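**Student:** For reference, the structure I am asking about is given below.
The values are calculated or read from the model by the stated rules, or taken from the named source; none is laboratory data. Everything numeric in this text was worked out from a predicted model, so none of it was measured. FYI the Cβ positions are ideal-geometry reconstructions off the backbone, even for glycines, and counts take in every protein chain you see.
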Amino acid sequence: MKLFWEFFTFELKFRFKSLSTYVYFLLWLMFSFFCVASESFGFIGSTNGKILLNCAYANGYNDVGAGLFGVIVVAAIFGTSILRDFQRDTYQVLFTQPISKFSYLGGRWAGSFVTTVFAFSGMMLGTFLGTFAPWADHTRIGPNHLMEYIQPFFSILVVQIFFLGSAFFAVAALTRKIFIVYLQGVALFMFYVIGVTVFVATRSLEHFWSGVLDPVGFMMFNNVTRYWTVIEKNTLFLTWSPALSGGVFLYNRLLWLTVGLVALSAVWTLFPMSVEALTARSQGRRAAKAKQQEFTEALPVRSLLAARLPVVHQGFTFTTTFAQYLSLSRLRMRTILRDIPFWAIVALLVAFGINNGYFAGRVAEFNVWPVTYLMVQAVEGSALLFLFIVAALYAAELLWRERDTHFDGIHDALPMRESTDWLSRFTAIVVVEIILLAVAMLVGVLMQTFAGYYHYEFV
């Protein structure tokens with residue numbers, strides 16, 4: 001238990017010394033503050049003007065939204081906690097000590113959980129401060145009751161942090177790749193948005209299983225409160241009672257708590273507390289490479305030189321700089337295009353584009369011809385989010401790649417201008433973004449074809 005406490009307190013000290021923790025806290029504080037202080041901001045402020053902006057219903061709905069849009073924040077905190085030792089090569093020292101799984105994994109996870117709960121607790125403080133904003137509509141602000149802040153936060157957002165955090169922690173521990181963790185968060189966000197869009201479009205009257213199986217909570221929340229009056233929304237809580245809408249809220253919370261426990265059980269079972277097991281794959285590759293090298297060196301070597309090597313004259317001209325730029329740009333583009341997560345993002349883009357293109361034949365409740373510009377516009381509107389995601393993820397990946405592969409010492413000593421290096425990174429990102437735009441355009445044209453309209457207008 002002493003070692004568990006050591007890892008737990010170390011994780012907390014590390015996190016609370018980090019600026020990002022307070023940035024996350026401030027982010028959610030400002031979000032919830034404007035949900036109350038501005039009527040045109042947030043999920044509740046722009047809807048029925050009789051619902052109180054600081055009641056349990058409004059706080060719960062805002063917490064659900066924070067759970068969806070905060071997926072990347074949860075991934076950033078839980079994923080990096082377990083990967084830090086592998087990125088800094090300290091795991092080889094740690095795992096030679098008599099440390100139990102409970103102490104190591106439990107301490108890391110518990111520290112990340114407490115940090116994430118603190119970051120999202122800005123939601124409660126922001127809502128409270130928003131009730132005192134002098135410009136706010138105080139006819140829509142009720143008395144501040146502590147339970148109306150705490151109960152939705154713990155019932156909705158803390159459960160969501162437990163489920164998502166455990167899943168991200170397990171993926172990070174078993175893959176030991178932070179990029180996979182972030183991709184998992186992006187995939188969850190995209191699949192959820194696509195699933196909700198498709199389900200709403202079917203106009204299904206089924207409101208039980210769709211609420212129970214909802215991993216984020218929007219459909220669950222709407223199914224439970226669908227027939228609440230304004231007075232009920234201003235006074236009632238979403239409780240864990242099985243009598244509330246047939247137990248939809250209760251079963252949903254229990255289901256995703258169970259999923260979080262299963263994720264923790266998986267990482268407990270599959271994570272090896274051994275340097276040999278963790279490095280077995282890389283050691284096998286190194287052994288095979290060494291064996292091949294020994295075999296090659298044992299072969300007789302015949303010199304093919306018929307004359308002395310010419311004297312090399314170094315030339316740092318514009319031609320050399322341009323050749324370096326082209327070579328580095330091609331190398332970095334190949335790095336991105338050969339990356340499996342990149343093609344997973346492309347697959348998500350195509351799925352999202354097909355989903356949007358399917359519903360693009362209506363404008364202002366009127367059926368219109370699925371002309372090329374309309375279909376491409378519908379698809380590329382959703383592609384904008386993917387462009388931001390790819391730009392953010394791969395800009396960081398290209399920036400830190402040499403350091404992650406321990407090649408930075410050689411790379412920094414190369415006879416190359418710094419501007420050439422940076423420009424090649426930028427070019428690789430731009431080309432990849434253009435490729436994604438081209439894919440989005442092709443999806444739009446494809447959906448136009450499926451709609452039976454063959455008059456293509458590319459100009």
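**Student:** Which pairs have Cβ atoms under 9 Å, sit 6 or more apart or on different chains, and link a residue in region 7-19 that is assigned by TED's automatic domain parsing to the domain that holds K101 to one that is among the aromatic types (F, W, Y) and modelled with pLDDT under 90?
**Tutor:** F7/Y104
**Student:** Somewhere in region 188-203, is a residue part of a helix (DSSP H, G or I), over 27 Å from A347 (Cβ atoms), of a type in the set (A, V, I, L, M) and under 17 Å from the mean Cα position of the chain (by Cα)? Talk me through it step by step, then tell me what you get.
**Tutor:** Going residue by residue through region 188-203, those that are part of a helix (DSSP H, G or I) are 188-202.
Filter once more, so that each one left must be over 27 Å from A347 (Cβ atoms): none.
No: zero hits.
**Student:** Given the condition within 30 Å of M273 (Cα to Cα), in the same structural domain as A170 (by TED's automatic domain parsing) and at pLDDT 85 or above, answer yes or no: does some residue in region 52-67 qualify?
**Tutor:** Within region 52-67, not a single residue is within 30 Å of M273 (Cα to Cα), in the same structural domain as A170 (by TED's automatic domain parsing) and at pLDDT 85 or above.
**Student:** Does region 121-143 hold any residues that are part of a helix (DSSP H, G or I) and either of a type in the set (G, A, S) or exposed (fewer than 15 other Cβ atoms within 10 Å of the Cβ) (or both), and which are they?
**Tutor:** G122, G126, G130, H138, T139
**Student:** Still on this structure, please answer the following. Going through region 117-157 one residue at a time, which ones are in contact (Cβ under 8 Å) with a residue 60 or more places away in the chain and under 18 Å from V23 (Cα atoms)?
**Tutor:** F118, A119, F120, S121, G122, M123, M124, L125, G126, T127, L129
**Student:** Considering only region 66-82, I want to know if a residue exists there that is in a helix (DSSP H, G or I), of a type in the set (F, W, Y) and out of contact with any strand residue (DSSP E or B) (no Cβ under 7 Å at 6 or more places or on another chain).
**Tutor:** Yes, some residue in region 66-82 is in a helix (DSSP H, G or I), of a type in the set (F, W, Y) and out of contact with any strand residue (DSSP E or B) (no Cβ under 7 Å at 6 or more places or on another chain).
**Student:** Select, from R140, R108, the only residue that is of a type in the set (D, E, K, R) and modelled with pLDDT of 90 or more.
**Tutor:** Matching residue, one of R140, R108: R108.
**Student:** So how many residues does region 328-355 have that are over 24 Å from Y182 (Cα atoms) and touching a residue at least 40 places away in the same chain (Cβ under 8 Å)?
**Tutor:** Qualifying residue count, region 328-355: 2.
**Student:** Also, quick follow-up: Looking at the structure I just gave you, is F118 surrounded by 16 or more Cβ atoms within 10 Å (Cβ to Cβ) and not small (G, A, S)?
**Tutor:** Yes: the conditions hold for F118.
**Student:** Something else now. Take region 225-257 and flag every residue that is closer than 21 Å to F69 by Cβ, of a type in the set (V, I, T) and out of contact with any Lys or Arg (no Cβ under 7 Å at 6 or more places or on another chain).
**Tutor:** Correct list: empty.
**Student:** Same structure, new question: Scan region 149-157 and tell me whether some residue there is surrounded by fewer than 17 Cβ atoms within 10 Å (Cβ to Cβ), modelled with pLDDT of 90 or more and not assigned by TED's automatic domain parsing to the domain that holds E397.
**Tutor:** Scanning region 149-157 turns up at least one residue that is surrounded by fewer than 17 Cβ atoms within 10 Å (Cβ to Cβ), modelled with pLDDT of 90 or more and not assigned by TED's automatic domain parsing to the domain that holds E397.
**Student:** Check whether at least one residue in region 195-211 is buried (at least 17 other Cβ atoms within 10 Å of the Cβ), closer than 29 Å to G122 by Cβ and in contact with a Cys (Cβ under 8 Å, 6 or more places away or on another chain), and report yes or no.
**Tutor:** no
**Student:** Could you check, for region 278-285, whether at least one of its residues is at pLDDT 80 or above, of a type in the set (A, V, I, L, M), surrounded by 12 or more Cβ atoms within 10 Å (Cβ to Cβ) and at negative phi?
**Tutor:** Taking every residue of region 278-285 in turn, none turns out to be at pLDDT 80 or above, of a type in the set (A, V, I, L, M), surrounded by 12 or more Cβ atoms within 10 Å (Cβ to Cβ) and at negative phi.
**Student:** Is it the case that some residue within region 39-55 is assigned to a helix (DSSP H, G or I) and either of a type in the set (A, V, I, L, M, F, W, C) or without any contact (Cβ under 8 Å) to a residue 40 or more places away in the chain (or both)?
**Tutor:** No - not one qualifying residue is present in region 39-55.
**Student:** Taking region 204-225, which residues are touching a residue at least 40 places away in the same chain (Cβ under 8 Å) and either outside any helix (DSSP H, G or I) or of a type in the set (S, T, Y) (or both)?
**Tutor:** Once the filter is applied, which keeps residues that are touching a residue at least 40 places away in the same chain (Cβ under 8 Å) and either outside any helix (DSSP H, G or I) or of a type in the set (S, T, Y) (or both), region 204-225 yields H207, F208, L213, P215, V216, G217, T225.
**Student:** Would you mind telling me which numbered condition in (1) modelled with pLDDT of 85 or more; (2) part of a loop (DSSP other than H, G, I, E, B) Y454 fails?
**Tutor:** Answer for Y454: the failing condition is (1).
**Student:** Also, I was wondering about something else. Could you tell me how many of the residues in region 166-215 are of a type in the set (K, R) and in contact with a helix residue (DSSP H, G or I) (Cβ under 7 Å, 6 or more places away or on another chain)? I'd like the intermediate steps shown before the answer.
**Tutor:** Within region 166-215, the subset of a type in the set (K, R) is 176-177, 203.
If we keep only those that are in contact with a helix residue (DSSP H, G or I) (Cβ under 7 Å, 6 or more places away or on another chain) as well, we get 176.
Selection size over region 166-215: 1.
**Student:** Look at V262 and say whether it is surrounded by 18 or more Cβ atoms within 10 Å (Cβ to Cβ), in the same structural domain as D89 (by TED's automatic domain parsing), aliphatic (A, V, I, L, M) and in a helix (DSSP H, G or I).
**Tutor:** So V262 does not fit the description; no.
**Student:** While we're here: Closer than 22 Å to M220 by Cα, surrounded by fewer than 23 Cβ atoms within 10 Å (Cβ to Cβ) and of a type outside the set (F, W, Y) - does that describe any residue in region 13-35?
**Tutor:** Taking every residue of region 13-35 in turn, none turns out to be closer than 22 Å to M220 by Cα, surrounded by fewer than 23 Cβ atoms within 10 Å (Cβ to Cβ) and of a type outside the set (F, W, Y).
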